[in-house]
1. Could you please tell me the mean projected area of the C-alpha convex hull for segment B:287-332, averaged over all directions and given in square nanometres to one decimal?
2. Nearest 0.05, what FRET efficiency do A:S59 and B:Q13 give at R0 = 25 Å with Cβ-Cβ as r?
3. Starting from a Cα-only point model with no solvent, please compute log10 I(q)/I(0) by Debye for segment A:191-275 at q = 0.20 1/Å.
4. Averaged across A:273-280, how many Cβ atoms of other chains sit within 10 Å of each residue's Cβ atom?
5. Give me the distance in nm between label points sitting 7 Å out from Cα along the Cα-to-Cβ direction at A:A44 and A:L177, one decimal.
6. Sorted from largest to smallest, which semi-axis lengths in Å does the alpha carbon gyration tensor of chain A give for its equivalent ellipsoid, taking the root of 5 times each eigenvalue?
7. Based on the Cα coordinates of the protein assembly as shown, what is the per residue volume of their convex hull in Å³?
8. Suppose each label sits 7 Å from its Cα in the direction of the beta carbon; what would the B:S140-B:E257 distance come out to in nanometres?
2 protein chains.
Amino acid sequence: MPRKRATIREVAQATGLSPAAVSYALRGLQVSEETMERVRAAAAELGYEADPIARALASGKTGMIGVLCGSLEDLWQQSLAVGISRGLREKDRYALILDAVGDPARERTLAQQLRDQRVDGLIVQPVDPAATFWAALCESVPVVTIGDGLAGAGAAGEVVFDNRKGVTLALEHLHALGHHRIGVLTPTKASTPDRPADLHVSAEGERLGLDITVATAPHGLAAATEVAGRLLGGDRPTAVFCFSDSIAYGVYAAAAERGLSIPGDVSVMGYDAHPMSGLLSPGLTTVDWNIGGIVRAAVRLVSAAADGGARRRRVVQLPTLRERASVSPPAA
Amino acid sequence: MPRKRATIREVAQATGLSPAAVSYALRGLQVSEETMERVRAAAAELGYEADPIARALASGKTGMIGVLCGSLEDLWQQSLAVGISRGLREKDRYALILDAVGDPARERTLAQQLRDQRVDGLIVQPVDPAATFWAALCESVPVVTIGDGLAGAGAAGEVVFDNRKGVTLALEHLHALGHHRIGVLTPTKASTPDRPADLHVSAEGERLGLDITVATAPHGLAAATEVAGRLLGGDRPTAVFCFSDSIAYGVYAAAAERGLSIPGDVSVMGYDAHPMSGLLSPGLTTVDWNIGGIVRAAVRLVSAAADGGARRRRVVQLPTLRERASVSPPAA
DNA sequence: TCGGGCTTGTGAACCGATTCAGTGATGCGT
DNA sequence: ACGCATCACTGAATCGGTTCACAAGCCCGA
């Protein structure tokens, strides 16, 4: 039968000490080596394991980190979440993973629920970095962002992508091969049309003299396929640059539906470098963000902040171009 | 500034009631309509939100469900975890997602940590369903399994796959097309070589007079590719049946490395029906388990059990064959 | 009018830790 | 020998709810 868990009082009784002493001893504080040993032995004997709930109530620390993803339909974000969960577990913390499904309102709700849940910290990949509630949130719990920063809302840490560089890498690659009319698919996000990434696209496009059409698409395969289909119908561009590999998968599907060949009829570029992208045929040429480094940085920053350590740290990730076969010069 | 949260006592004070009354009122118990209204108003006024930690300590319910996956390298299990997380959130619960990375020892450790964390229930996709610790675990927390049952350990619910049917579907399909020498790749799991799925394979293989070679492979792309490469080297089978789509992806990669064409040189079958499988070329023929139904069933079972409701329920999932282009008759 | 049964509501114990202020005892310098 | 730290440990308060046992008020039937 599931006998009740031992409490700290029982351990105290067994050792003839006060509960306070036991509490200290188990955390290696304020007591003599000898008592510590005695307590440890008794605890092991009774199978005592501190109750995390009671501990959380008393100490104010839950050991939990909220992970709020912009959209878990995106396979890359799934990998990110899984990686973070593992990384956190290694630091004796648990990840509470939630999905905003690309909806700013939902993002707001979930962020607040997470705070109400008393997480020690938050890792967020913001859907709407310009929303005003972030500032208040940052004051009640340390927030680490991945991707887009929070515009001075006071995040405890930021892992930012050099999107300028990423966009340049992609567009220059296409430009160098002779592409001129380029379709860009960005994830459905906040209603602010002037997001930095979009700005980079138009700036770079202008610099290179490109003719760019921007559309937004969700990460989900079915939905992305539909949007891509519209882009590929009619007077289509010679190349499509997608702001996530998951969206690029939608372009592959749409191209297949219409009997278009990649890169013969249309070149495709991604942004992420998910492992699956190398498996497609043709392999997806994409911008690689070194997911492992991002995960490690985020975990490190949030742990430090949750422990009350260093704040306001900023880590910049640099992208590299991963050339595969989905891009070629446009048909003459 | 982040002003301190309001407590139940403050709400009590504001309404002139006792904390107990407020506690009842907010949960819609034991009080008059009118008081309830008054309490609600005061709570809203003060921005009161019950502290989940304190509530958990007092009531013994954390609102959290542990989700222990066999291996999150498997994209299908990732989808499963994401789906469960969403489904649980809709029931006002949080999912604590952990990854056993295919290691029985780690599975055991994590399962116990999850229990120590006081989750209200557990959804497990067991790596080693025959391990003995499950029985003890099932007594201290309701456990719902997905995939393999727990051999009478007393799970509160089970969502089982009719693997017999799935294997039959796959092998009969291959057999009908004329395949005889078939390689089978099963996920690296517990050391018990007599797992039900394996038994089904040999039983069906015998029934159909097939020549079957079984090997185990991890879900990760790189590792699976390596194992698949060995299978494809030398005297290779005419078809490979993989017990997860993720492993099949490894076969695709290995085939590409060796310049083998699918299905020309070797046919490939998967088991899962991950969305990506339709995107590969050739599209992966696979056994479809209706992931949505599995997610809903698991969420329903675990919620019911956590609420102290019905136990020992068993839901059986039936597979369907999803034919695409990765299988053809063997070369003469 | 009395007693029984509901309905509302109260007070206090309790969940299981942490932490603060304080108490002897010991060690140390002078 | 005295004052002063330091060390090891204790008692009690605290975190913020839930829940149990009980009480007051009310209605109703006999």
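1. Hull-based average projected area comes out at 4.5 nm².
2. For A:S59 and B:Q13, the calculated efficiency is 0.40.
3. These q points yield log10 I(q)/I(0) values of -0.96.
4. Mean shielding by partner chains, rounded to a whole number: 5.
5. 6.2 nm
6. Over the Cα atoms of chain A, the semi-axes work out to 50, 19, 17 Å.
7. Looking at the protein assembly as shown, the number lands at 180 Å³ per residue.
8. In this crude spin-label approximation the distance works out to 4.3 nm.
Where a number appears in this text, it was derived from the coordinates with a stated rule and is not lab data. The model shown is predicted, which means the values in this text are computed figures rather than measured ones. With ideal geometry, Cβ positions are generated from the backbone for all residues, glycine too; neighbour counts draw on all protein chains shown.
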